[in-house]
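Enquirer: A single structure is presented below for examination.
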Amino acid sequence: MAPPRNIVILTGSGVSAESGVATFRDKDGVWSKYDYRQVATPEGFAANPALVHEFYNARRRALPGVEPNAAHKALAELERGLDARGGKLTLITQNVDDLHERGGSKNILHMHGELLKSECAHCGAVAAGDADLSLGLACGACSRAGGMRPYVVWFGETPRHLDEAADAIMTADLFVSIGTSGSVYPAAGFVAEARALGVPAMELNLEPSENAHFFTDARYGPAGEIVPQWVS
Ligand code: BJW
């Protein structure tokens with residue numbers, strides 16, 4: 001069989017775990033320390049914006065101290081190889097960190113947003129930067145204060161780039177899911193979309209995810225080991 005030319009890869013927090021970024025639902029994950037309703041919903045932000053800013057400011061400040069691991073780098077190498085052969089890799093990530101970029105990947109869709117960007121609730125302007133966000137901060141575009149929020153997708157909000165993700169899945173000849181528990185939709189539904197189109201699907205994860213039964217192939221272990229092995 002010809003090697004796949006158009007690959008869609010969905011990544012989750014497990015791909016960044018060995019870089020020192022916490023996952024969400026594992027034993028020491030983010031949701032073991034914080035109530036997601038307080039820090040990752042529009043209602044939580046409305047109730048206590050200072051707490052939500054503190055939660056994201058701390059995660060943003062930690063980013064320069066973490067580095068891409070072997071899994072991020074292997075995915076960038078795979079993209080370069082496919083590009084050279086006239087193929088394409090679309091990397092859909094649920095992660096808000098910038099480790100895929102720093103690992104060398106180019107064609108990235110951040111469906112749950114990006115920690116290093118902020119958004120003005122008044123005018124919708126999106127700004128890049130690593131500065132702390134606060135209630136008093138004014139928007140660089142409309143100058144109004146009080147509306148700056150992290151550029152992330154909370155529960156109940158619509159994920160970004162869904163049309164591009166759907167287009168990529170429709171033309172894929174392989175779908176791969178890496179380091180995600182498969183418990184948050186619509187991302188968790190991508191594998192079923194791929195399978196409905198007859199696209200083979202592979203899972204690379206520490207352990208079987210919640211929708212492991214959808215995949216046609218799987219390898220289990222730390223991403224930093226199994227992703228480079230799969231790519232090479
Ligand atoms: C390793 C490892 C190592 C560990 N190596 N592996 C059905 C359809 C559509 C929506 C819904 C639905 N049912 C319910 C919903 C609503 C809701 C939802 O899914 N709720 C569920 C909890 C039931 N979804 C939403 O609200 C979404 N919006 C929405 O649906 O809008 C409506 C709409 C739908 C369709 C079209 C248009 C509109 C929004 C969800 C936003 C999620 N936001 C967060 C926070 C982002 C910002 C931030 O970072 O703070 O996103 S929550 C959190 O979960 C974060 C993650 O991206 C996301 C996924 O988590 P992830 O990455 O999978 O982490 P874990 O911890 O769960 O798993 C880690 C995995 O790694 C594990 O399997 C480990 O084993 C593994 N691992 N170490 C390899 N070294």
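Derivation of every value follows stated rules applied to the coordinates shown; laboratory data play no part. These numbers were taken from a predicted model, which means no experiment stands behind them. Please note: Cβ atoms are built from the backbone with ideal geometry, for glycine as well, and neighbour counts cover all protein chains shown.
Enquirer: How much of the DSSP beta bridge set in the chain is antiparallel, as a percent to the nearest 5?
Expert: On the way: 8 of 30 bridges.
Antiparallel bridges: around 25 percent, rounded to the nearest 5.
Enquirer: Can I ask one more? If I build a Gaussian network model for the chain, linking alpha-carbon pairs within less than 10 angstrom, which residue out of 50, 201, 22 has the largest mean-square fluctuation?
Expert: In the Gaussian network model the winner is 50.
Enquirer: Where the centre of each part is set by its Cα atoms, how far does region 160-218 sit from region 109-159, in angstrom?
Expert: Cα centroid of region 160-218 versus Cα centroid of region 109-159: 28 Å apart.
Enquirer: For residue 131 and residue 47 in the same chain, what is the full-extension length gain: residue separation times 0.36 nm, less their Cα-Cα distance, in nm? Walk me through the numbers on the way to the answer.
Expert: Working: separation 84, 0.36 × 84 = 30.24 nm, distance 2.27 nm.
So the extension gain works out to 28.0 nm.
Enquirer: Here's another thing I want to ask about it. Which percentage, to the nearest 5, of the DSSP beta bridges contained in region 95-208 is antiparallel? Numbers along the way, then the final one.
Expert: Working: 8 of 12 bridges.
So the antiparallel bridges in region 95-208 amount to around 65 percent.
Enquirer: Name the residues of region 147-187 whose amide N is less than 16 Å from a point 7 angstrom out from the Cα of residue 25 along the C-beta direction?
Expert: 155-156, 177-187
Enquirer: Per residue, how big is the convex hull around the C-alpha atoms of region 185-232? Give it to me in cubic angstrom, could you?
Expert: Values: hull volume 3.7 nm³, N = 48.
Given the Cα convex hull of region 185-232, per-residue volume reads 77 Å³.
Enquirer: Output needed for region 1-135: three equivalent-ellipsoid semi-axes, defined as square roots of 5 times the C-alpha gyration tensor eigenvalues, in descending order, whole Å. Provide the component values of the computation, followed by the final result.
Expert: Details: eigenvalues 188, 57, 36 Å².
With the √(5λ) rule applied to region 1-135, the semi-axes are 31, 17, 13 Å.
Enquirer: Of 129, 81, 92, which is farthest towards the positive pole of region 16-143's charge dipole, taken about the Cα centre with +1 and -1 on the beta-carbons of Lys, Arg and Asp, Glu respectively?
Expert: 81
Enquirer: Only Cα pairs within less than 10 Å get springs; with that Gaussian network setup on the chain, which residue of 137, 206, 109 has the largest fluctuation?
Expert: So, out of 137, 206, 109, the one fluctuating most is 137.
Enquirer: Residue 73: which lysines have alpha carbons under 29 Å from its alpha carbon, excluding same-chain residues fewer than 8 sequence positions away?
Expert: Residue 73 reaches 27, 88, 106, 117.
Enquirer: Would you mind ranking 15, 227, 66, 152 by Cβ crowding within 10 Å, fewest neighbours first? Spell out each step's value before the answer.
Expert: Details: 15 32, 227 27, 66 16, 152 20.
Ranking 15, 227, 66, 152 by Cβ neighbours within 10 Å, fewest first, gives 66, 152, 227, 15.
Enquirer: I would also like to ask the following. Would you calculate, for the chain, the mean residue ellipticity at 222 nm contributed by helices, counting each DSSP H stretch of 4 or more residues as -39,500 (n - 2.57) and dividing by all residues, to the nearest 500?
Expert: Numbers: 10 runs with 77 residues, N = 232.
Computed ellipticity for the chain at 222 nm equals -8500 deg cm²/dmol.
Enquirer: Here's something else I'd like to know. Multiply the residue gap between residue 142 and residue 37 by 0.36 nm, knock off their C-alpha separation, and tell me the result in nm, one decimal place.
Expert: Numbers: separation 105, 0.36 × 105 = 37.80 nm, distance 2.95 nm.
The residue 142-residue 37 span can extend by a further 34.9 nm.
Enquirer: Further, regarding this structure: Once all Cα-Cα distances of the chain are split into 5 Å bins that start at 0, what whole-number percent is in each one?
Expert: Per 5 Å bin, starting at zero, the Cα-Cα P(r) for the chain comes out as 1, 7, 14, 18, 19, 16, 11, 8, 4, 2, 0, 0 percent.
Enquirer: Given region 159-198, what whole percent of its Cα pairs are spread farther than 15 Å? Don't jump to the answer; show the numbers that get you there.
Expert: Values: 295 of 780 pairs.
Roughly 38 percent, once rounded to a whole number.
Enquirer: Please work out how much length the chain gains when fully extended from residue 61 to residue 229, using 0.36 nm per residue of separation minus the C-alpha to C-alpha distance, in nm with one decimal.
Expert: Working: separation 168, 0.36 × 168 = 60.48 nm, distance 3.19 nm.
Stretched out fully, the residue 61 to residue 229 stretch lengthens by 57.3 nm.
Enquirer: Can I ask one more? Apply the Debye scattering formula to region 132-232, with a single equal point scatterer on each alpha-carbon and no solvent, then give log10 I(q)/I(0) at q = 0.11, 0.21, 0.24 Å⁻¹.
Expert: Normalising to I(0) and taking log10 leaves -0.49, -1.07, -1.28.
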